[in-house]
Amino acid sequence: MVCLVCERRDITTRSSLDDGAPRLARWVSQHADWICEQPDLDWRVEDLELIATDVRRAAEPAGIRRAKVGPCPHCAGTLIAWIDDQRALPGRIACDGAGHTWEREQWPLLGRIIDPTPDYLTAHELAAWLTRRHGLGRTITVERVRQWVARGHLDRIDDDELGRPRYDKHEAARFWQDWRVQHVS
């Protein structure tokens, strides 16, 4: 389609197949009005539908799910996690804008960039963070966090400058996710 638009409109572009599908699709979409005005539009629509089907199959093979992670720290794009339900493929997170990619070993750094919340939080901070990041529509209360501590599910790491106990947010997130799997499934 890029070649057709360039040829018929006498446009030169530096876009190539190496630029990736998202960039090429954005370029073609800038010419959508012109494409719609073409006398052979019926053929173009069928062509675009076939291309879209092929792209979907390549981008989202059976058993691969996509999950929105959050905004890309480098551009206006959105980070998408690719999750394989069938086998343990190395996971990746990719930006749907400029195509930035993070492999599994880079995820902890990416997590700190996206969510700069400190690792150790008070019960109030932890309840708010868990609700925001992992609540899935449920509110995690301070009382619930205190119950986890009382039952030995969370260990006190240290105290903040005001003497309030702090807990590891990652340990709390793991416990919450395990609890949800056991009690919601």
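Just so you know, all these numbers are worked out from the coordinates, no wet-lab data involved. Predicted model only: the values in this text are computed from it and were never measured. Quick reminder, even Gly has a Cβ in these numbers, built from the backbone with ideal geometry, and neighbours come from all protein chains shown.
Quick one: which residues, 5 or more positions from VAL69 or on another chain, have an amide H under 5 Å from its amide H? H modelled 1.01 Å from N in the peptide plane, none for Pro or chain starts.
LEU79, ILE80, ALA81
Quick query: amide H of TYR167 versus all other amide H atoms, modeled in the peptide plane; which residues come in under 5 Å with a sequence gap of 5 or more or a different chain?
Those lying under 5 Å, H to H, from TYR167 are LEU121, THR122, ILE157.
Apply the Karplus curve 6.51 cos²θ - 1.76 cosθ + 1.60, θ = phi - 60°, to the phi angles in region 23-37 and return the couplings in whole Hz, x for Gly and Pro.
After applying 6.51 cos²θ - 1.76 cosθ + 1.60, I find 5, 5, 4, 4, 5, 4, 5, 5, 10, 4, 4, 5, 4, 5, 7 Hz.
If you stretched the chain out fully between GLU7 and GLN147, how much longer would it get, using 0.36 nm times the residue separation minus the C-alpha to C-alpha distance? Write down the numbers at each step before the final one.
Details: separation 140, 0.36 × 140 = 50.40 nm, distance 6.78 nm.
Here the segment from GLU7 to GLN147 would lengthen by 43.6 nm.
Could you check the spin-label model distance between ARG132 and GLN182? Points 7 Å from the Cα along Cα→Cβ, value in nm.
Between ARG132 and GLN182, the simple spin-label model gives 2.8 nm.
In whole Hz, what ³J(HN,Hα) sequence does region 71-82 give by Karplus (6.51, -1.76, 1.60; θ = phi - 60°), x for Gly and Pro?
x, 6, x, 10, 7, 8, x, 10, 7, 10, 8, 9
What is the packing order of peptides 45-54, 147-156, 162-171, 91-100, taking the mean over residues of other C-beta atoms within 10 Å and listing the highest first?
Peptide ranking by packing, descending: 91-100, 162-171, 147-156, 45-54.
Amide H neighbours of GLY91 under 5 Å, counting only residues 5+ apart in sequence or on other chains, H built in-plane at 1.01 Å?
ARG104
Which shape class, rounded, prolate or oblate, goes with region 104-185 when its Cα gyration tensor gives a ≥ b ≥ c as root eigenvalues, a/c under 1.5 marks rounded, and past that a/b bigger than b/c marks prolate?
Cα axes put region 104-185 in the oblate bin.
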